[in-house]
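The values are calculated or read from the model by the stated rules, or taken from the named source; none is laboratory data. Since we're looking at a predicted model, the values are computed, not measured. Neighbour counts run over all protein chains shown; Cβ positions are idealised from the backbone, glycine included.
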Amino acid sequence: PFKSINLFFFNVTCFLHLVERYDAGRDGFIDLMELKLMMEKLGAPQTHLGLKNMIKEVDEDFDSKLSFREFLLIFRKAAAGELQEDSGLHVLARLSEIDVSTEGVKGAKSFFEAKVQAINVSSRFEEEIKAEQEEKKKQAEELKQRKAAFKELQSAFK
């Protein structure tokens with residue numbers, strides 16, 4: 001009995017970390033865009049309609065966001081065989097699962113470390129893209145300021 005309780009808490013903790021990683025708004029919910037990013041990072045991008053259907057299937061409070069409880073509901077439904085094979089939720093559950101009883105805790109640790117490493121690699125690319133975008137914004141702002149200064153000087157000569 002204690003082993004199954006420990007495995008339960010291990011799984012819940014892993015899912016909590018997964019939700020925290022993708023909860024960009026830090027509001028405790030996974031919204032449509034955060035779910036989109038999560039599915040892309042897991043290597044299973046979904047259409048806009050597919051993402052909306054994923055949320056709708058487990059959204060108990062009809063707020064169009066996934067709470068942690070609703071996120072766990074995905075895996076409960078997957079374990080009970082209540083998800084359609086071709087649904088996005090089934091894909092999410094399959095990509096995020098590991099059987100600790102067969103893999104052992106060290107195997108599970110390796111599994112999640114590999115997932116985190118893959119996510120960190122893609123996060124590095126995202127950071128580079130964001131840095132480039134910030135640089136472009138900075139250059140555009142500088143250009144705008146130079147034009148404004150030029151117009152100000154130009155008006156002095158009129």
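Okay, here's what the table says:
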| quantity | calculated |
| --- | --- |
| Filtered residues of segment 63-86 (kept if in a loop (DSSP other than H, G, I, E, B), at pLDDT below 80 and buried (at least 17 other Cβ atoms within 10 Å of the Cβ)) | Leu83 |
| Segment 43-64: number of residues that are more than 16 Å from Leu92 (Cα to Cα) and among the charged types (D, E, K, R) | 3 |
| Residues of segment 1-52 classified as at pLDDT below 85, over 15 Å from the mean Cα position of the chain (by Cα) and not basic (Lys, Arg), total | 12 |
| Qualifying residue in segment 58-66 (condition: in the same structural domain as Glu82 (by the TED database) and touching a strand residue (DSSP E or B) at 6+ places or on another chain (Cβ under 6 Å)) | yes |
| Every residue from segment 87-111 that is more than 15 Å from the chain's Cα centre (by Cα), assigned to a helix (DSSP H, G or I) and modelled with pLDDT of 70 or more | His90, Arg94 |
